[in-house]
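What follows draws every value from the coordinates through simple rules; no lab data is involved. Since the structure is predicted, the reported quantities are computational estimates derived from the model, not experimental observations. Here Cβ is always computed from backbone atoms with ideal geometry, including for glycine, and neighbour counts include all displayed protein chains.
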Amino acid sequence: MRERPGEVLEFEEYVRTRHDALLRSARRLVGDPLEAQDLLQTALLRMYGRWDLIADKQLADGYLRRVMINTRTEWWRARKLQELPTSQLPDASVEDSAEQHADRGLLMDIMRVLAPQQRSVVVLRYWEQMSTDETAAALGMAPGTVKSTLHRALTRLRQEWQRRDPDSASASAAVRGCPPASRRAR
């Protein structure tokens, strides 16, 4: 890529203005704050190499989210081969005593049981508050596939939550924080 000073400044301005929102997206995709920073930096590096090819810079967020999702999927596949199954899961410790923070921490931990595509759909629909059609466009799938994937993901999250914390009154409430797809479908 032949760098032009105007494009470099334009990219720097984009990163400066959108960094916090993009880091939140990365954090929701991977869970770990340091890994989220790595994911965002990797995605920004990949996007920088193609910045001059993005004709409509208003679509840069969508492009970068797609790059983050693809990168996270590559990392997941690479790690999948290195992980060894265990019969017992380690206890999740939450230092904050507030129940809401505990529920959020558990939910972020439980999100790891989802397949990458399911996790991407949940993040885009509920954290990024994209419509079904926007999510479908961002992930390159049909709206019906988004709906069915979302349904399976939410069912899996509820099951995992109940398995890990069967006595909790907030168990289904935290997962209910994501309204059913039928109410949210746009």
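Details
- Computed from the C-beta positions of R163 and L9 and an R0 of 45 Å, the FRET efficiency is 0.30 to the nearest 0.05.
- Modelled label positions at D61 and R18, each set 7 Å beyond Cα in the direction of Cβ, lie 0.8 nm from each other.
- For the pair T145 and L45, the difference between a 0.36 nm per residue extended length and the Cα-Cα distance amounts to 33.0 nm.
- Additional length obtainable on full extension of the chain from W76 to M108, 0.36 nm per residue less Cα span: 9.9 nm
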